[in-house]
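Working notes for the structure below.
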Amino acid sequence: NGGLLSDTGLNILALDLESAQKVVSFPINIPSYVPKEFKLVHVDVFQINNQLSHKVSLRYQQGSKSFRVNQEIKQNGTSYSLSMDNEDTKVENIKVNGKDASLLDFKNGYIQLEWIDGPILYSVEGELSKEEAIAVAESMY
């Protein structure tokens, strides 16, 4: 299997949504809004030692542009820190459905929006406008 990183037992599977949900330990949250022309290409499932996965990444594509919606169960005791501004990245603290979120706007046009809801860390990242990333995130509720 080409996706296996043998020393870690990590297997990355590119699946359709239905197959992915069968091997993920939580309900996969699908945005009801995606920008015009973007289509769900596949779902990457990060599986360790063939156990139920705690991390998925939905990949959307339109021509050469793409973005991902990532969902991952935070492990107990794992700390999570939001990124800080630097010369290549502008960080804004915003709300997504009432939850604290960080919007990272990189100089190269790449956007990353991340927030935590209960045990799950979410992110929307890729070649989107800030408004599109926020609309995708908000549409998951």
What number of residues within region 112-121 satisfy the criterion of being crowded, with 20+ Cβ neighbours inside 10 Å and either over 27 Å from residue 75 (Cα atoms) or out of contact with any Ser or Thr (no Cβ under 7 Å at 6 or more places or on another chain) (or both)? 1
Name the single residue, out of those in region 42-87 being under 19 Å from residue 137 (Cα atoms), open to solvent by less than 50 Å² (accessible area, probe 1.4 Å) and aliphatic (A, V, I, L, M), that is modelled with the lowest pLDDT. 73
Candidate set: region 42-62, residues that are assigned to a loop (DSSP other than H, G, I, E, B) and touching a residue at least 12 places away in the same chain (Cβ under 8 Å); chosen: the one nearest to residue 114 (Cα to Cα): 54
Go through region 9-25 residue by residue and tally those that are out of contact with any helix residue (DSSP H, G or I) (no Cβ under 9 Å at 6 or more places or on another chain), without any contact (Cβ under 8 Å) to a residue 40 or more places away in the chain and either crowded, with 16+ Cβ neighbours inside 10 Å or within 17 Å of residue 73 (Cβ to Cβ) (or both). 8
When every residue in region 97-118 that is over 14 Å from the mean Cα position of the chain (by Cα) and in contact (Cβ under 8 Å) with a residue 24 or more places away in the chain is compared, the one farthest from residue 61 (Cα to Cα) is 97
Considering only region 123-137, state which residues are of a type outside the set (Val, Ile, Thr), within 15 Å of residue 93 (Cα to Cα) and open to solvent by 20 Å² or more (accessible area, probe 1.4 Å). 130, 131
Counted residues, region 30-41 - those being within 14 Å of the chain's Cα centre (by Cα), of a type outside the set (Val, Ile, Thr) and either surrounded by fewer than 16 Cβ atoms within 10 Å (Cβ to Cβ) or over 22 Å from residue 115 (Cα atoms) (or both): 1
What about residue 107, is it in contact with a Leu (Cβ under 9 Å, 6 or more places away or on another chain) and farther than 26 Å from residue 53 by Cα? no
Pairs only if they're at least six apart or on different chains, beta carbon under 9 angstrom, first in region 26-38 and free of Cβ contacts under 8 Å to residues at least 40 places away in the same chain, second small (Gly, Ala, Ser) and surrounded by 12 or more Cβ atoms within 10 Å (Cβ to Cβ); list them, first residue then second. 38/66
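The values are calculated or read from the model by the stated rules, or taken from the named source; none is laboratory data. Every value quoted in this text rests on a predicted model; they were computed, and no experiment measured them. Here the Cβ is made from the backbone with ideal geometry for all residues, glycine too, and neighbour counts use every protein chain on show. In case anyone asks, the SASA skips ligands and DNA or RNA and just uses the protein heavy atoms, side chains included. Shrake-Rupley method; radii C 1.70, N 1.55, O 1.52, S 1.80 Å.
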